[in-house]
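Working notes, beginning with the structure itself.
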Amino acid sequence: MSTPGTTTGTTTGSPLDVPPGRFHGVGVGPGDPELVTLKAARLIAAADVVAFHAGRGKQSNARRIAADLIPAGAIEEELVYPVTTGATDHPGGYAGAMADFYLESAARLAAHLEAGRDVVLLAEGDPMFYGSYMYMHDALSERFSTEVVPGVPAFAAATATVAAPLVRQTDVLTILPGTLPETELARRLADTDGAIIMKLGRRFPAVRRALAAAGRLEHAVYVERASMASERHLRVVDVDPDTVPYFSLIVVAGDSLHSVGRRTGTAGAAAPSTGALPGAVGADGAASSAPAELAVVGLGPGPDRWLTPEASAVLAEVDHVVGYAPYVRRVPHREGLTRHASGNAVEVDRARLALDLALRGERVAVVSGGDAGVFGMATAVHEAQVAAAAEDPAYASVPVHVVPGVSAVQAVAARAGAPIGGDFAVMSLSDRLKPWAVVEQRLRAAAQADLVLALYNPRSASRPDQLGDALKALREVRDDATVVVVGRDVGRAEEELRVTTLGELDPETVDMKCLLIIGATRTRVDHGRVWTPRSVD
């Protein structure tokens, strides 16, 4: 057997009648040799070439795991990383050094394959899970017959070590690299049930802060070198950051017990709730005697700079945020905040949950995009409060405070110029809460009144034809030359603004991310700016 890092035998060129070798990416598991699969063991034992990655000056963990399986006559290829976390003088920096390394490594393995040798590349854990094998797969799998053998990933071994259910039933598991920005890591932790955080090392302090901000620190468990002889595990809050190696991860259980504990503030029992979504109780597990104020907050159309100071101040003080999932994700994370995200069509259920929380004395905010009073949650909260008070008069005592926000129509209008500088109307084309006949009647009335008309919810997958019907109704009254502004994702990186006419607008180019502004007869376009005179002749 050759020593690691050397190659024996001829590796360049092969007789034309020698078929190329087969390439195998073989997962050897997280560390315990007994966790190597039977198939992996068989392929390693039959390999002509056994390759593995290693850090500079370090033993390869993958080779250590498979050491007793490597045949005596096998060629060993040690692929030594040129850099890990240190500095490099490569002109392309870290990325350039690694790109060249993978190209050189692929060439070394290709030489063996071309010579007819079967190559097994060992991968710690699973080959396709955060592993270097993937780069060799990209480079070689289209040229050579390739097989990938899965291995037990480190997080599976860590979960077994913790001996706590990770996810069950409809729980969602998210696997996160600890190298994510701290705020993004906190957001993703708050939005999932179970979580695995990998790639810790020097990032551990930031990861710990993200866990705290997401309210997930209490039940998070740190596991070091899972399944290896030096394995250890303890609560994240008890870990010394200076002792954390790269081969460590964090398990955040998302099973029903822990999920209930996160939602209610108590572990092991769910709080009663009259709403359709899970509720919460006070920190002592008992209902509070005095209701707290319920805030309904408009977050604006998207950019943080369009969130008002009042909205920011309210969100910084509440204990719970309730809303449609994309809007809840926009609320800054902090320790002690519980987030209740739900789908788009359960406004009344969300409102009832918020009322339940406020009635128990919990400080809660219901969030909406744009302005909460413009096709937002403000009305849903008032409707839910009236219905709840009919069953229990105590709900009427919950004070409701609506915090205004920048509306989508304001944002689109500002980007276009000043199309709503005069009288204007705002409508939603959704017929979920009103018959389509009423929508058409109001469209014609607004057009006949010569009002600028802003249209929310213009076209969706479930309503593909209604915008065309709406435009047809408007054309019965308005000229085809009427100015139309189409704003999509205004204020965000994907922002798009188009100025067209009523006759030229193609409904197929419009979706639910758009807001339309249909001009009045006096709306004009000057030097690319759309505006409507305030005076009427």
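A 1.4 Å probe, protein heavy atoms only, puts the accessible area of V499 near 70 Å².
Rounded, prolate or oblate for the range 324-400? Axes are the square roots of the Cα gyration tensor eigenvalues, ordered a ≥ b ≥ c, and the cut-off for rounded is a/c under 1.5. Taking the square roots of the gyration eigenvalues as a ≥ b ≥ c, the range 324-400 is oblate. Of the GluC sites (Glu not before Pro) found in the range 97-180, the ones in coil according to DSSP and having at most 15 other Cβ atoms within 10 Å of their Cβ are E142. Pairs of Cα atoms nearer than 8 Å and 6+ residues apart set the relative contact order; for the chain it is 10 percent.
Couplings 3J(HN,Hα) for the range 29-39, derived from phi with the Karplus relation 6.51 cos²θ - 1.76 cosθ + 1.60 (θ = phi - 60°), are x, x, x, 6, x, 6, 8, 6, 6, 4, 5 Hz, where x marks Gly and Pro.
Once a ≥ b ≥ c are taken as the square roots of the eigenvalues of the Cα gyration tensor of the range 20-155, is the result rounded (a/c under 1.5), prolate (a/b larger than b/c) or oblate (a/b not larger than b/c)?
Taking the square roots of the gyration eigenvalues as a ≥ b ≥ c, the range 20-155 is oblate.
For the range 459-536, which GluC sites (Glu not before Pro) are in a loop by DSSP, counting at most 12 other Cβ atoms within 10 Å? Those satisfying the criteria are E476, E494, E504.
For trypsin sites (Lys or Arg not before Pro), the sites in the range 16-58 that DSSP calls loop and that have at most 12 other Cβ atoms within 10 Å are R56, K58.
Which shape class applies to the range 370-431: rounded if a/c is under 1.5, otherwise prolate when a/b exceeds b/c and oblate if not, where a ≥ b ≥ c are the square roots of the Cα gyration tensor eigenvalues? Verdict is prolate for the range 370-431. For D319, nonlocal amide neighbours, meaning residues 5 or more places apart or on other chains whose placed amide H falls under 5 Å from its own, are R363, V364. Evaluating 6.51 cos²θ - 1.76 cosθ + 1.60 at θ = phi - 60° for every residue in the range 452-469, the Karplus couplings come out as 4, 10, 9, 10, 8, 6, x, 7, 9, 4, 7, 10, x, 9, 5, 5, x, 5 Hz, glycine and proline recorded as x. For K434, which lysines qualify as cross-link partners when the Cα separation must be under 25 Å and same-chain residues fewer than eight apart are set aside? Of all the lysines, those that pass the test against K434 - Cα under 25 Å, at least 8 places apart if same chain - are K472, K513. Structural descriptor for the range 402-508: relative contact order 24 percent, calculated from alpha carbon pairs under 8 angstrom and at least 6 residues apart.
The values are calculated or read from the model by the stated rules, or taken from the named source; none is laboratory data. What you see is a predicted model, and the numbers here were worked out from it, not measured in a lab. As a convention, Cβ positions derive from the backbone with ideal geometry for all residues, glycine included, and neighbour counts pool all protein chains shown. Quick note on the areas: whole protein, heavy atoms, side chains included, nothing else; ligands and nucleic acids left out. Shrake-Rupley method; radii C 1.70, N 1.55, O 1.52, S 1.80 Å.
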